[in-house]
Each structure stands twice: as structure tokens, then as C-alpha cells.
Amino acid sequence: MIILLIIIFCFFVFLYNLYYISHDDFEIVRKDISIEKILTFAFLTGFVSLFFSRLFFAIFNPLPQVTNPLGFLAVTYYPGYSLSGAVLGASLFIYIYARANKLPIGKMLDLFTFSFLAALPLGFLIFFIFFWGKTSVVFNSLFFLSVVISLIFLKIIYRFSEKGEIKNGSFGLIFLSIFNLSYFVIKLFSDIRSFSFFDFENIILFILIFSSLILLVNLEIMDKFLEK
């Protein structure tokens, strides 16, 4: 129950951040995209992300308690979520929904990523406090990583996006590439003896890393090359 409450709290922090940065965003204002439409988009993305997080946890941990429908829905009795599943589900939904509703995909990805980065370290911190002394090496490493990455992206890299020095969508794709690669490396070195490259979660991380890099290269390098 505590984990779900932490997720809900962080989601509302995410929504506040999204509202704050979207309200005066030049492209959002120019295209006359209402804040209500963006927040509706965010709520739907949150539900999809939570579902994928739970689904992938059940796939990664095929225990009878979570693989049957009742156990899958009983998140307060059998808690468990997958961060990589949440990221994958949210990324796919942002692309599909934005494309279907003729919203700027790259801008939406950047805004959602910025808002997520502002809430991510807070979620880790609250979880770390509530479960003091019970967190794993992977979790502690991700906690430290989330703080460092958030500071770098929010204070430095986002400025390049605001100034137009990188294209819309690049901010989000850079984050996806770096965060998932870092998560993969943390998993590798935290238990290198039993690490398997063919583990399903590691395959998902591979897909996220390379698809993000391919899209980023296509966006920043190939498009600029073709423009010449």
C-alpha cells in the first residue's frame, strides 16, 4: 500500500511540474494546445505506465500471486512494479497518443520527461526513508543515479532544448538512452556472476537503449544531413 501511495504522490508532483512548464511553453501556446488536453494526456499516460509496470513485474516474477487476474489487481496485498516496464509503456503510449491526436510528439516527450525527472528523485527518496535499511544495492544505485541525472538534465541539457540547439524529442531520447543504459550497467555489476544477457528485463532494456539511440541519431544527425 505504501508503494502505491508513493507512486500516486509522485504522479501528482509530475502533474504539477507538467502544468508549470507547459503553461508558458512557446510551442504549446503557438499551437493553441490547451492545458486540459495535456493533463488528460498525462493522466492516460500515468494509467498506461502503471499497468505496464505491473504487467512486466508479473512477467519478470511469474509467481502465482501476481500471474492470476485477482493477484495482478491486488497491488496492496502483492505489491511489485517494474521501472523498465513503466518507461516502455509510457514511451509507446506517448508516441501513439500524440500521433493519433496530432500533438507534437517530440515536444510532448520532452515535457513529460522534464516533469518525470523532477519527480523521480523524490519518489526514490521517500521510498528510501520508508524502507530504511531494506533497500537493495540496485535500488540505492538507482537512487543516487536519479539525483545526478535529474540535476544534469534539468539544469544543463534542458537549456539546449529551450534554446533550440537540439530538436524537440532529443531531450527525452537522450534521457531514455542514458537512464536505461545506466540501469543495465548497475544490474550487471551488482550481481555479475548470475547476470544473464538473455533475461527478459535485460532484453527490454536493450530494446529501449538501442531504439532511443537510433531515433536520436536519426533526429539530430540524419535530418540535419538531409537538410544540407
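Every number here is computed from the coordinates shown, using simple stated rules; none is lab data. For clarity, every value in this text was computed on a predicted model and none was experimentally measured. When we count neighbours, we look across all protein chains shown, and the Cβ atoms used for this are built from the backbone with ideal geometry, even at glycine.
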The stretch 112-217: chymotrypsin sites (Phe, Trp or Tyr not before Pro) in DSSP coil with no more than 14 other Cβ atoms inside 10 Å: 131, 132, 195, 197, 198
Specify the angular offset, from 0 to 90 degrees and rounded to the nearest 10, of the alpha carbon long axis of helix 83-100 from the longest principal axis of the alpha carbons in the chain. 30
Nearest 10 degrees is fine. How inclined is helix 35-60 to the longest principal axis of the chain, computing both from alpha carbons? 30
Set of aspartates and glutamates near residue 107 by C-alpha distance (under 20 Å), chain-local residues within fewer than 8 positions excluded: 24, 25, 27, 32, 36, 162, 165, 220, 223
Run down the aspartates and glutamates and flag those whose C-alpha is under 17 Å from the C-alpha of residue 187, throwing out any fewer than 8 positions away in its chain. 199, 201
Positive dipole terminus of the stretch 2-227, leading residue within 79, 204, 38 (C-beta point charges): 79
Specify the angular offset, from 0 to 90 degrees and rounded to the nearest 10, of the alpha carbon long axis of helix 137-152 from the longest principal axis of the alpha carbons in the chain. 10
Among 100, 42, 119, residue whose mean-square fluctuation peaks in a GNM of the chain (springs only between Cα atoms under 10 Å): 100
State to the nearest 20 debye the size of the charge dipole of the chain about its Cα centre, where the only charges are +1 on K and R beta carbons and -1 on D and E beta carbons. 60
Among 151, 63, 18, determine the one that fluctuates most according to a GNM of the chain built with springs between C-alpha atoms less than 10 Å apart. 63
